[in-house]
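Below is one structure, written out as structure tokens; comments come after it.
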Amino acid sequence: MSDKIRVGIIGTSKFTEEAHIAGFKNNPDAELVAICGKHNGERLKELSDRYSIPFRFLDYEELFESGLDAVVIASPNHLHYPMTMKALQYNLHILCEKPLATSLDDAKKMYQKAEEKSVIHMVSFTFRYAKPFQDAKRILEKNLLGKIFHFNAHFLADFDVNGYFTWRFDKSRAGYGALGDLAPHIIDIGRWFIGDIKKVCGLSNTFVKHRKLYAKDGYREVDVDDSTVFIAEFKNGVQGVFQASMVATGRDGLMRVEISGRNGSILILRENGLISLYKVSADGESILVSQSKEDRGRIFTEMACCFTNCIRANKKKTPTFYDGVKVQGVIDAVDKSVNQNRWISL
């Protein structure tokens, strides 16, 4: 390995630019040397030139052959599995976007193969790197709330009810809708704060059933959920309520996580570019514990640095593919619950 860890990124979206490219360009221990995008050569060249990324590829296997140490997989969900399995043939360390896969079986295979190869593997559960969430974790670790009773979380996004059809609304590429796009974050937070989930019961709907085709006449049917809610019982008996929506008109990016215990509650609110943590005492007094401006570049820089530090130390740190598998198990169980209209045990 060279003085700096040589990283390649798969993905050319605006999100990838603002998040992963920014994160690794700000990481002093990493050298962003290659980028891959299959469909848009012009966009690929634009990003390569703008960020001085020396190599660009249309074929991800050529990227893997270019002498990298690590790769970021920020492709549509259905490509996470084949790209990861191919990258592992080259013994590359991997940071993969969530959800880890589009099925529990594929997620398990990715984790098992990564373990066999003894590489560093991580999943992009980004809210673990935001200070108010970290402060909340410390409050829980100190048992300041006492016995926990329930965990409630919702993640609401506005994908514009009149907006265009994208791969996120295509089951063959996304696997799921809101359940796979938004719910993984709050499921991971639930596991991180409370522990594993024992059973779930879900309800899904597709409220906007057709969306416009971009730059074309006509519409295409949406075949994934755009809103899912589910209740859960954690293994330690804590009750959970989860909601993920792509059609929360006017409330794009709103997240609320509340945990209640015998001695009080904590509330994390993500709204209007701020993430705030409040602690509520048993008598109802609310105190602002911490607050930070949500800076995607900073959060992803912290994640990128964690990833490269793990590579340097050859030591894994959560969230790994194992955490991705556990979240995938919940996603699959909720999907099964919706289809079978019953509780599903994990």
Original post:
In segment 151-175, what residues are in contact with a strand residue (DSSP E or B) (Cβ under 8 Å, 6 or more places away or on another chain), buried (at least 16 other Cβ atoms within 10 Å of the Cβ) and in contact (Cβ under 8 Å) with a residue 60 or more places away in the chain?
Top reply: PHE151, ASN152, ALA153, HIS154, PHE155, LEU156, ALA157, ASP158, PHE159
**OP:** Please find, among LYS38, LYS131, LYS86, LYS45, the residue that is of a type in the set (D, E, K, R) and under 30 Å from GLY237 (Cα atoms).
**Re:** LYS131
Original post:
Do any helices (runs of 4 or more DSSP H) lying entirely in segment 1-74 carry at least 1 residues that are closer than 15 Å to GLU97 by Cα and assigned by TED's automatic domain parsing to the domain that holds CYS96, and which ones are they?
Top reply: 22-25
Subject >> Odd one out for HIS154 among (1) over 27 Å from VAL200 (Cβ atoms); (2) outside any loop (DSSP other than H, G, I, E, B); (3) outside the structural domain of ILE311 (by TED's automatic domain parsing) >> reply: (1)
Subject >> Top-ranked residue in segment 279-294 [being out of contact with any helix residue (DSSP H, G or I) (no Cβ under 9 Å at 6 or more places or on another chain) and surrounded by 14 or more Cβ atoms within 10 Å (Cβ to Cβ); ranked as modelled with the highest pLDDT] >> reply: VAL280
Subject >> Single unsatisfied condition, ASN40 versus (1) buried (at least 16 other Cβ atoms within 10 Å of the Cβ); (2) modelled with pLDDT under 95 >> reply: (1)
**OP:** Being hydroxyl-bearing (Ser, Thr, Tyr) and exposed (fewer than 15 other Cβ atoms within 10 Å of the Cβ) is the filter; apply it to segment 191-239 and report the residue that is modelled with the lowest pLDDT.
**Re:** TYR214
**OP:** With the condition kept exactly as written, say whether any residue in segment 298-307 is of a type in the set (D, E, K, R) and part of a helix (DSSP H, G or I).
**Re:** yes
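The values are calculated or read from the model by the stated rules, or taken from the named source; none is laboratory data. Being a predicted model, the structure only gives us computed values, none of them experimental. Methodologically, a virtual Cβ is constructed for each residue, glycine included, from the backbone with ideal geometry; neighbour enumeration extends over all protein chains shown.
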